[in-house]
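Comments concern the structure below.
The values are calculated or read from the model by the stated rules, or taken from the named source; none is laboratory data. The shown structure was predicted, so the numbers you read here are calculated from the model rather than taken from an experiment. So basically every Cβ, Gly included, is an ideal-geometry build from the backbone, and we count neighbours across all protein chains shown.
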Amino acid sequence: MKRRNFLQCAGLCGTGGLVGMVPAALAQASAAPDGAVPKKSTPLTIRPYQLLCTVCSLGEEGHEPVRQYERARQIRDALRRNPDVPVTLACHAGALYSFQDSGTGEDTPESDEFNRKRDLDVLQILGLAPGCTLPARALFELLLKGLPTVSGICGYDTVTGEAWKGCPKAAGDNYEKGFEKGVRALISPRTEEEMAREKAKSLQALYAASVVPVRPHILVCAVCQYGEGLRPGYKEDNLPELLDLILNRKPDIGIKMAKGADWMICAPCPGRNPELNCCTHVMGSGDLDSQKRDLDLLQKVGLKFGSTMKARDLYRLIFERITTTHGIPDICIKYNTMPSVWWDECCGHLFQGNPRAKYEKGRRGMMKKLNLARNK
Ligand code: SF4
Ligand code: SF4
């Protein structure tokens, strides 16, 4: 789901009655056990301009042999195998950045100057440094948000000299066609069938659980969702079902602070990477911001990963410590620039009034249901 919905859906936590261990069957249901460190992937090292060629190759219709497109196809294959493969952008960028120099082996036939400028143009527009490494999904999401044309990058309206003829493909519109196709042409989304299956399985596990592992910050997102009127039947996560369980049937169910996009609540989410047990929402970088929010919440309520509390006690603690999501820079509102791997729709100036109203309404409603109103 989108972060805005997700913040309406996902959370923060507190101290209280300890409850039992997660049943073994449920622990097995998570793709990566709580706290497990996934295997490191080897980064794919490419030139910045090859990001563009990968998109450009999507618009190719004649299937002519173009050297740039050969490399682009290899990159597309690597993305199909692993959409979150780390990608390092190496180029020629002068002495200070010589630690990451790519050499000229993958220069296109145009001049050295053109090759250098094109790489630096891409990095400058994306706000990235030479040698930076990001998950492929985050890179292509960024590119496909902010770079709709290669005009002025791969070729120029006026050729000012022999060195500046540019790439012959720039005169066509392959890149622009590829751009229109969007990131889904490079990275297949999770299928509706798979997400529906995961929804059904994870709900079954949720209803049988005595302890529910949840990544911390989405417990606060759940309050926003509740304030907005979201109720069970929501496709993209199990937070409305969790709140329904807590508010109407099992206020003392255990909630355990879990690392990562834990399966029991996040299972049906379009943004979840089941192999890595992580969140790839918010332009492919969601897990970074989500981890930070998890830690922000844990710090606010004085808990740790693995801490387990009765739901009612936990929400009492959350509501005592977090009365609003507005003006608290260490939880929901951040002031990151865009583009940034830290940016999301809930944290910027544009949306800051929005989650606040939903959270405050959800908090009031939940406090009433849980008989916590006398505390505040
Ligand atoms: S115009 Fe040429 S250099 Fe630019 S993206 Fe297309 S193939 Fe690559
Ligand atoms: S994977 Fe989990 S944390 Fe990420 S957006 Fe989906 S529900 Fe929220």
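Considering segment 183-237, the residues that are within 16 Å of ligand 2 (Cβ to nearest atom) and acidic (Asp, Glu) include one that is surrounded by the most Cβ atoms within 10 Å (Cβ to Cβ), namely ASP237. Does LYS292 qualify as being more than 10 Å from ligand 2 (Cβ to nearest atom) and either in contact (Cβ under 8 Å) with a residue 60 or more places away in the chain or outside any helix (DSSP H, G or I) (or both)? Judged against the criteria, LYS292 is not a match. Exactly one residue among VAL150, VAL159 is away from ligand 2 (no atom under 16 Å from the Cβ) and in contact with a helix residue (DSSP H, G or I) (Cβ under 8 Å, 6 or more places away or on another chain), and that residue is VAL150.
Here the condition is being out of contact with any His (no Cβ under 7 Å at 6 or more places or on another chain) and within 14 Å of ligand 1 (Cβ to nearest atom); of THR149, THR133, it holds for THR149 alone. Set side by side, the residues GLU106, GLU141, GLU176 differ, and just one is away from ligand 1 (no atom under 15 Å from the Cβ) and surrounded by 14 or more Cβ atoms within 10 Å (Cβ to Cβ), which is GLU141. For the residues PRO251, PRO240, PRO268, the requirement of being more than 14 Å from ligand 2 (Cβ to nearest atom) and at pLDDT 95 or above singles out PRO251. Which number in (1) within 10 Å of ligand 2 (Cβ to nearest atom); (2) in contact with a Lys or Arg (Cβ under 8 Å, 6 or more places away or on another chain) marks the one condition that PHE305 misses? Status for PHE305: all satisfied but (1).
Flag: ARG137 matches the condition of being within 16 Å of ligand 2 (Cβ to nearest atom) and not in a loop (DSSP other than H, G, I, E, B).
Within segment 140-173, the set of residues being touching a Phe, Trp or Tyr at 6+ places or on another chain (Cβ under 9 Å) and part of a helix (DSSP H, G or I) comprises LEU143, LEU144, ALA163, TRP164, LYS169, ALA170. The residue of segment 336-372 that is modelled with the highest pLDDT, among those that are of a type in the set (Phe, Trp, Tyr) and more than 19 Å from LYS300 (Cα to Cα), is TRP342. The set of residues in segment 46-102 being under 14 Å from GLY172 (Cβ atoms) and either at pLDDT 95 or above or in a helix (DSSP H, G or I) (or both) consists of LEU52, CYS53, VAL55, CYS56, SER57, LEU58, GLN68, TYR69.
Flag: CYS221 matches the condition of being in contact with a Leu (Cβ under 8 Å, 6 or more places away or on another chain) and either in the same structural domain as TYR315 (by TED's automatic domain parsing) or basic (Lys, Arg) (or both).
Tell me whether segment 180-187 contains one or more residues that are in a helix (DSSP H, G or I) and of a type in the set (Val, Ile, Thr). Scanning segment 180-187, I find at least one residue that is in a helix (DSSP H, G or I) and of a type in the set (Val, Ile, Thr), so the answer is yes.
Is one or more of the residues making up segment 101-114 away from ligand 2 (no atom under 16 Å from the Cβ), assigned by TED's automatic domain parsing to the domain that holds ASN82 and within 30 Å of CYS278 (Cα to Cα)? No; the residues of segment 101-114 include none that is away from ligand 2 (no atom under 16 Å from the Cβ), assigned by TED's automatic domain parsing to the domain that holds ASN82 and within 30 Å of CYS278 (Cα to Cα).
With respect to LEU203, determine if the residue is closer than 13 Å to LEU51 by Cβ, more than 13 Å from ligand 1 (Cβ to nearest atom) and either in a loop (DSSP other than H, G, I, E, B) or among the hydrophobic types (A, V, I, L, M, F, W, C) (or both). The answer is no for LEU203. A single member of LYS310, LYS300, LYS292, LYS304 is under 24 Å from the mean Cα position of the chain (by Cα), surrounded by fewer than 24 Cβ atoms within 10 Å (Cβ to Cβ) and at pLDDT 95 or above, and it is LYS304.
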